[in-house]
Number of protein chains: 2
Amino acid sequence: MLIFKIKFLPHNVEVFVPAGTSVVEAADLAKVDIEPTPCGRRGTCGKCLILCHDYSGIPTIVEKEKIDDTKLDQGWRLACQTAILQDMVIEVPGQTEGKLIKALLSRPKTAIEVLPTVIKYFLKVAPPTMTDQRADWDRVEDLLPDPELQQELDLTILRKLPELMRNNNFELTVVTYRGKVISVEAGDTATVGYGCAIDIGTTTVICSLHDLFTGQEITVASAFNPQRTYGADVLSRIDFSQTDDNLKKLQTLIIDQVNTLIDQVISQSGINRSDIYLISVVGNTTMQHLFLRLPAKYIATPPFVGALYAGLSFDSVDLGIKINDSGKVTLLPNVAGYVGADIVAGVLATNAYKYDAPCILIDVGTNAEIILAAHGILYACSAAAGPAFEGANICYGMRAEKGAIDRVWQEDGKLHYHVIGEVPALGFCGSGLVDVIAVLINIGIIDFSGRLLTSEEAVPIVGDILAGCLQENDDGLEFVIVKNSDFQKVSLTQRDIRQVQLAKGAILAGIRIMVKEMSIKLEDIELFNLAGSFGNVLNKKSAQVIGLIPKAVPLSKVEYAGNSAHVGAQINLLRADSEEIVNSLVKNIRYIELSDRSDFTEEFTNAMFFGECED
Amino acid sequence: MLIFKIKFLPHNVEVFVPAGTSVVEAADLAKVDIEPTPCGRRGTCGKCLILCHDYSGIPTIVEKEKIDDTKLDQGWRLACQTAILQDMVIEVPGQTEGKLIKALLSRPKTAIEVLPTVIKYFLKVAPPTMTDQRADWDRVEDLLPDPELQQELDLTILRKLPELMRNNNFELTVVTYRGKVISVEAGDTATVGYGCAIDIGTTTVICSLHDLFTGQEITVASAFNPQRTYGADVLSRIDFSQTDDNLKKLQTLIIDQVNTLIDQVISQSGINRSDIYLISVVGNTTMQHLFLRLPAKYIATPPFVGALYAGLSFDSVDLGIKINDSGKVTLLPNVAGYVGADIVAGVLATNAYKYDAPCILIDVGTNAEIILAAHGILYACSAAAGPAFEGANICYGMRAEKGAIDRVWQEDGKLHYHVIGEVPALGFCGSGLVDVIAVLINIGIIDFSGRLLTSEEAVPIVGDILAGCLQENDDGLEFVIVKNSDFQKVSLTQRDIRQVQLAKGAILAGIRIMVKEMSIKLEDIELFNLAGSFGNVLNKKSAQVIGLIPKAVPLSKVEYAGNSAHVGAQINLLRADSEEIVNSLVKNIRYIELSDRSDFTEEFTNAMFFGECED
């Protein structure tokens, strides 16, 4: 068997693979992140571009279709299509900006008051005597405050207890988690304890390290979710997870990534791994299923049912999470197949369940999860927005990373834009997309129905310069925002606008149906919380122009909720009462299945137009 | 490295071992039982006799001391002393009788009324629809009667649930153990469930198979405790267990043996292994520590403290017990280092805790565990009887197996005896020993102080024939019962009588101190229960003559309790309320440490005499 050496840049990581291995597989081996492939490595999305140095391998038909000839000549290929048949040096386009953005948003607005989930008791145990012959465990247990503590005991604790007591002058620390003894330690370690709050997003994983007793956030680390090489969205991942082997593969990827982030916060903070007793994990229903290696396939097809929604705790060793050997992993509960623990965490983080006045919490991703809460009554739904706001299915769409236009505005009769990383623009991320559509609606280039005016129609309205940006290409009309060369332009196509209309239509229809269900009006909404990585960078005004935020809600009532999923994970890490609160919360949430509503099609159709005529 | 072939007879098992391996090690490998070695394989007890065919290997100094020349010439050796330096055929003296005896005693006097510990629910689950999108687990849980059930869930259950439901028309059976879900099974298996009650004695292990729902005993199997090759009594086993490796070795031996017995009851009954959900284990404190691989060393030295006394349940897989993968192992609680779960099981089996009138339960082994109960108040103590009644430290002592004199009586001026297996006598077992001493006391050959009369002193009292049995040898006087040849005799020595006096003195002192502690008199005792393998074959009358049963207790009040430890294990297997009963029972038992009592020495000295002058 021929073996070739592959070097990945800029990582400078080398890996040896047998002939015929694909570049994505080599990247998996090298633990190198390749641009996510929404198509699940089938070559249909053309997103996993790589630059192969000094390479003239014959491109595949798919590559010829997706990559223009100049770039093919330069060595650009698709990682999922390129079989390795020689030593190679492969450059992977950089992806650092996205991490920073999301990680910065994860701090709660106000400090979380700690009600410890992990409690440690330092005990000076009476040594046994002829008049006090209680067993070793009994003399520990008799000093613990809660008589419930002894119901469950790990054999490993009992096995080490006798020596541990006798070698340490009968001084030891008992570690409990939610009232159960999970470990015993030599001497007095009662004040030391850490935990991680981990938000497993479909795209990004964030891990913050906290002092379990003060709540202090010590450090944070983040990375892309490595599962994204098997599909950018939950549906393609579920699709991939159909076989036991693949399900296991996806679990291993995320467990390894979580362990890497834990390694990172350990090295950043200098604490001991064994002092981490708990990780609190939050993700959408699919992410949590994959993390636990629960079959997720039935989430993908009607009636969209998962294996488990309850929030439970598990032993860290059973999941392969490398913290204290007796550590625990706790997860928040899900509500439905597409209303996951991440939005439940958001409810916890924003206190939505406590509000009397109607309050909306919305997290826009491929599915927009929406919560409407008032007087402790909660409705939830999931609107199938599609991946438009994440840059997929948009001609020049991309994630919020270096080269993405993230803001667009009109000034002095011209369009202005901002590019992440201050580099030449490569495309739009979601917030840029919303901005540009809003601007074009405002200046009249996009009409009420979502149609782009032709250049001729536009001239009398916006003048020659802006009208000149409207061009006809093979697929129809497009509005060119950036044009540096034939191969470096960024434009908004008619098709893109239709994608956004479908997305915002689904979301708005969801909001309208929930409001109807609660017998209130949109005007009654007192707080409109934007959560998630997209929601938090969205320009409120633009969002309202395109109708993502209903016009009946004044912008003064719209707030950025930050990364409320991560904050919810922190609360579940730091507060012993959160488990009970969320589990009862989830039981009371009324889930509305939009696809099963007879009024959905009508609401959806109405909501697709720009202008929201009826409110 | 030279490798030799060793064949063991009568097992007809062959094993290959490197040169220098000892015969006991080879026997371990071949899973062949060698006579237990009370000395822990140190060669000092001389009990592990084997016959090596066509063998002339040079005996060790120890072997020369322990085995007479004729036997050495015949090829008799000690298994622990013989290093293998050639191919060998080794005959191991047979040991089958003992198994039968104990196993037959394990049935409860009245059938145990079942209050199931394992409950199975057959559920017809509603398939999910668009109007009922509960998670798979939720729709199972909602059909279960007990709202407490969902607190703990095994990931393996959740992982298989979705397919299991869909492949079986949404019909499944949920298995619960003491209120917690432990497994889910396809279709309707609700009426099938088995469990094993296992008594791990220091010498013998008994395993009975029961229907968990009817309580019916289906079959039983027993074997020697394989740990006995590392010492016949608990002290030598604790001594051996001091290192982690040895502790692990002892655990592996007993776990393997329990698995072998489970295999046996499975093959005898034809049931499926996966239909066994629970094993209920009972043993003395040390046996339970070794079974769980808990450090036992501190039980051996003052203040005699174990790691754990509480009765808990563990996962069968964690202990390597091969039943249903989700099976459980439950153990009864211990009271003290030398008052174990076996005697607690006896209290449960005999209902001693329910009696108003004072009641004694006594299990005589190397330690005699004694319970005194009245009006729900229980005292416990452990009297260090030593191994005399088990045949150790007695010149011609042996266990109750083929060749042992188990009964002795006087008739027509002569001594008569019975030998187990109707073969030529090889020695006494405990009951034979008690009988012969009682007969010799009755006819006047042993006086009040325990002294054997000389032949001359005896002639006027018992006549020539019996007096002629009294002979002087190098170690002092002995009473010869059997003499077939120079090398085949069985006699009772003065030293043997002293050993029995020490043993029965310790036991009687224990009883007296407990009675004193409860402020009652021996005459008040309404029931005197004899438990354990020795107690159940003991002649009550002889036991009273030698003072093992106080003379103040009429024999009509003395009962055989059968193998009450095993019956207690059965109750813990079959009754869900037993765990709570015994755990509260154990908390109320007042343990008396005899070695710490200032009055023990006086009581002990008085109790050593034959005749019990003061009552």
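Every read-out reported here was derived from the displayed coordinates using simple, explicitly stated rules and does not represent laboratory data. Keep in mind that what you see is a predicted model, and the values were worked out from it rather than measured. In this analysis, Cβ positions are derived from the backbone assuming ideal geometry, glycine residues included, and neighbour counts consider all displayed protein chains.
Shape summary of the protein assembly as shown, radius of gyration then Dmax from alpha carbon positions: 40.1, 148 Å.
From helices alone, the protein assembly as shown scores -9500 deg cm²/dmol at 222 nm; the rule is -39500 (n - 2.57) for each run of n ≥ 4 DSSP H residues, then divide by the residue total. Here residue A:516 is the anchor, and the aspartates and glutamates within straight C-alpha reach of less than 15 Å, apart from those fewer than 8 places off in the same chain, are A:524, A:593, A:599, A:602, A:603, A:614, A:615. Put a dot 7 Å past the Cα of residue A:53, heading toward its Cβ, do the same for residue B:354, and the two dots end up 8.6 nm apart. When the charge dipole of the protein assembly as shown is built from unit charges on Cβ atoms (+1 for Lys and Arg, -1 for Asp and Glu) and taken about the Cα centre, the candidate among B:80, A:300, B:241 whose Cα reaches farthest toward its positive end is B:80.
Using a/c under 1.5 as the rounded threshold, could you call the range A:194-331 rounded, prolate or oblate? The axes a ≥ b ≥ c are square roots of the C-alpha gyration tensor eigenvalues, and prolate needs a/b larger than b/c, oblate otherwise. It comes out prolate by the Cα gyration axes.
The order of B:88, A:608, going from fewest to most other C-beta atoms within 10 Å of their C-beta, is A:608, B:88. In sequence order, the range A:55-72 has phi-based couplings of 10, 9, x, 5, x, 7, 4, 4, 5, 4, 6, 8, 10, 6, 4, 4, 5, 4 Hz under the Karplus curve 6.51 cos²θ - 1.76 cosθ + 1.60, θ = phi - 60°, and Gly or Pro positions carry x.
In nanometers and ordered shortest first, the copy-to-copy spacing of the residue B:85 label point, defined 7 Å from Cα toward Cβ, is 7.0.
Membrane-span-like helices in chain B, defined here as complete DSSP H runs extending at least 27 Å along the helix axis by their C-alpha atoms with mean Kyte-Doolittle hydropathy no lower than 0.0, are B:494-517; this is a sequence and geometry rule, not a statement about a membrane.
Got a sec? Charge dipole of chain B, +1 on Cβ for Lys and Arg, -1 for Asp and Glu; which of B:410, B:165, B:51 is way out at the positive end? Final value for the positive-end residue is B:165.
Ranked by Cβ crowding within 10 angstrom, fewest neighbours first, how are B:163, A:390, B:580 ordered?
B:580, B:163, A:390
Starting from a Cα-only point model with no solvent, please compute log10 I(q)/I(0) by Debye for the range B:3-93 at q = 0.11, 0.17 1/Å. Each listed q maps to, in turn, -0.25, -0.62.
Projecting the Cα atoms of A:379, A:357, A:327 onto the charge dipole of the range A:313-399 (Cβ charges, centred on the Cα centre) puts A:357 farthest toward the positive pole.
Which order do the peptides B:508-517, B:256-265 take when ranked by the mean count of other beta-carbon atoms within 10 Å per residue, highest first?
Highest-to-lowest ranking by the protection proxy: B:508-517, B:256-265.
Computed from the Cβ-Cβ distance with R0 of 22 Å, the FRET efficiency linking residue A:44 to residue A:495 stands at 0.85. Kirkwood-type hydrodynamic radius, the range A:444-574: 17.5 Å, calculated from all non-identical alpha-carbon pairs. Computed over the alpha-carbon pairs of the range B:169-239, the distance histogram in 10 Å steps reads 17, 29, 24, 20, 8, 2 percent, short to long. Shielding of peptide B:306-315 by partners, expressed as the average count of other chain Cβ atoms within 10 Å per residue Cβ, is 6. When A:398, A:130 are sorted by how many other C-beta atoms sit within 10 angstrom of their C-beta, beginning with the fewest, the order is A:130, A:398. Here the simple spin-label model places points 7 Å from the Cα toward Cβ, and for residue A:474 and residue B:130 these points are separated by 3.9 nm. Here the range A:120-257 is assigned +1 on the Cβ of each Lys and Arg and -1 on the Cβ of each Asp and Glu. Its dipole about the Cα centre then comes out at about 220 debye. Charging the Cβ of each Asp and Glu at -1 and of each Lys and Arg at +1, and nothing else, the dipole of the range A:388-497 about its Cα centre rounds to 260 debye. Any lysines with Cα under 21 Å of the residue A:402 Cα? List them, leaving off those in the same chain fewer than 8 positions away. Straight-distance partners of residue A:402: A:47, A:71, A:99, A:102, A:483, A:489. Charges were assigned to the Cβ only: +1 to each Lys and Arg, -1 to each Asp and Glu. The resulting dipole of the range B:475-573 about its Cα centre is roughly 160 debye. The range A:338-395 and the range A:458-518 have their alpha-carbon centroids 25 Å apart.
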